[in-house]
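To start, the structure under review is shown below, and the notes come after it.
Bear in mind that the values in this text are calculations on the coordinates, not laboratory data. Quantities reported herein were computed from a predicted structural model and do not represent experimental measurements. Reconstructed Cβ throughout: ideal geometry from the backbone, glycine too, with neighbour counts over all protein chains shown.
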Amino acid sequence: MLALRGEAEAHGAMIALKTPVIAGRAAERGLVIETGGPAPMRITAALIVNAAGLGAQALARSVAAMPADKIPPLHLAKGNYFSLSGRSPFSRLIYPMPTPGGLGVHLTLDLAGRAKFGPDVEWVDAIDYHVDPKRAASFYAAIRTCWPDLPDGALQPGYAGIRPKIARPGGSSANFLIQMEKDQGVSGLINLFGIESPGLTASLAIADWVARRV
C-alpha cells in the first residue's frame, strides 16, 4: 500500500487523511464537496469517485442531487477470526467449501507461520470489531471437519472485519455495484457500492475499469 501511495503521489495525487465528507452538491462542472476534520475545505471537482467502503452509502446520501432510490441497502457481514496458540502444523492454506455470505472458516498463515482461522459470517446491525469468545464453539466444529485433532483450548479470539454487503442470503447474489453517471443521473459522480474484502484484491482492476470509462 505504501508503494501504491508513493506512486500516486509521484504522479500528482494528494492524500488527505482524517478529512470526512460532510456534504456535496452539483456545480456548473462536476461537484462541490464540503469536508470536515482538522482542516475543513471546499473542493470543486469535475469527477468524484465514491470508494468509501462501509461509508459509501452514507457518502452518497450526503450528495444533494443523489436519488435515494439509487442507493442500495447496506448489510453488515462481520467476519470473526480466531488464532491458534502455538505453531501451525500446516504449511499450506486450507479452504473448505464456501458458505452463504462467505468462504467458510479457512486456515491462513502469517509471515511467521502462525495460523489463523476464519472468517465466519455474523450479520450485525452496527459496526463492532469485538470478537466474542463464545463464537469459538462453532470454530472448533468447523475446523475439526478437516483437522479432527485440534486440541481443546487451542483457539484465541483474534480480530474481526466487516463487509459492506448490498444483499443478504436468500436475496440477490449481487456484490460489487459500480454506478456511473448514466446509472444514477448525477454528473461527475461514480459510486462504488458493495466493494467488500475481495475488492482490495481487485482494487487495481476496478480502478482500471473505471478509468477507461471516464
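Taking every Cα-Cα distance in region 97-150 and sorting them into 5 Å bins from zero, the calculated P(r) comes out as 4, 16, 25, 25, 20, 8, 3, 0 percent. Between Val63 and Gly24, the built amide H atoms are under 5 Å apart, and every one of these is 5 or more places off in sequence or on another chain.
Counting Lys and Arg as +1 and Asp and Glu as -1, what is the net charge of the other residues whose Cβ lies under 10 Å from the Cβ of Ser83?
+1
Per residue, the convex hull spanned by the alpha carbons of region 75-165 comes to 97 Å³. Look at [x] 17.8; [y] 19.7; [z] 16.9: the one that is Kirkwood radius over Cα pairs in Å derived from this structure is [y]. Loop-resident trypsin sites (Lys or Arg not before Pro) (DSSP state other than H, G, I, E or B) in region 112-162 with no more than 16 further Cβ atoms inside 10 Å of their Cβ: Arg114, Arg144. Taking θ as phi - 60° and the Karplus parameters 6.51, -1.76 and 1.60, the scalar couplings of region 73-87 work out to x, 10, 10, 8, 10, 7, x, 9, 10, 10, 9, 9, 6, x, 6 Hz in sequence order, x denoting glycine and proline. Does region 93-214 come out rounded, prolate or oblate by the C-alpha gyration tensor, with a ≥ b ≥ c the root eigenvalues, rounded set by a/c under 1.5 and, if not, prolate when a/b is larger than b/c and oblate if not? Note, shape of region 93-214 comes out prolate. Listing Leu76, Leu31 from fewest to most neighbouring C-beta atoms within 10 Å gives Leu76, Leu31.
Among the listed pairs Lys70/Lys165; Lys134/Lys165; Lys18/Lys182; Lys18/Lys78, a Cα-Cα separation exceeding 21 Å is found for Lys134/Lys165; Lys18/Lys182; Lys18/Lys78. Within the chain, no whole DSSP H helix has Cα atoms reaching 30 Å or more along its own axis together with a mean Kyte-Doolittle score of at least 0.0.
Trypsin sites (Lys or Arg not before Pro) within region 1-90: which are DSSP loop residues with at most 14 other Cβ atoms inside 10 Å? Loop-located and lightly packed - Lys18, Arg29, Arg87. Less than 5 angstrom separates the built amide H of Asn50 from those of Ile190, Asn191, Leu192, all sequence-distant by 5 or more or on a different chain.
Add -39500 (n - 2.57) for each DSSP H run of 4 or more in the chain, then divide by its residues: what number comes out at 222 nm, to the nearest 500 deg cm²/dmol? Intermediate results must be reported in sequence, preceding the final value.
Working: 6 runs with 40 residues, N = 214.
For the chain, the value works out to -4500 deg cm²/dmol.
Sorting His106, His130, His11 from the fewest to the most surrounding beta carbons within 10 angstrom yields His11, His130, His106. Ranking of Met97, Met180 by neighbouring Cβ atoms within 10 Å, starting from the fewest: Met97, Met180. In this structure, the amide hydrogen of Leu76, modeled 1.01 Å from its nitrogen in the peptide plane, lies closer than 5 angstrom to those of Val124, counting only residues at least 5 positions away or on a different chain.
When both region 109-152 and region 1-65 are represented by their alpha-carbon centers, they are found 36 Å apart.
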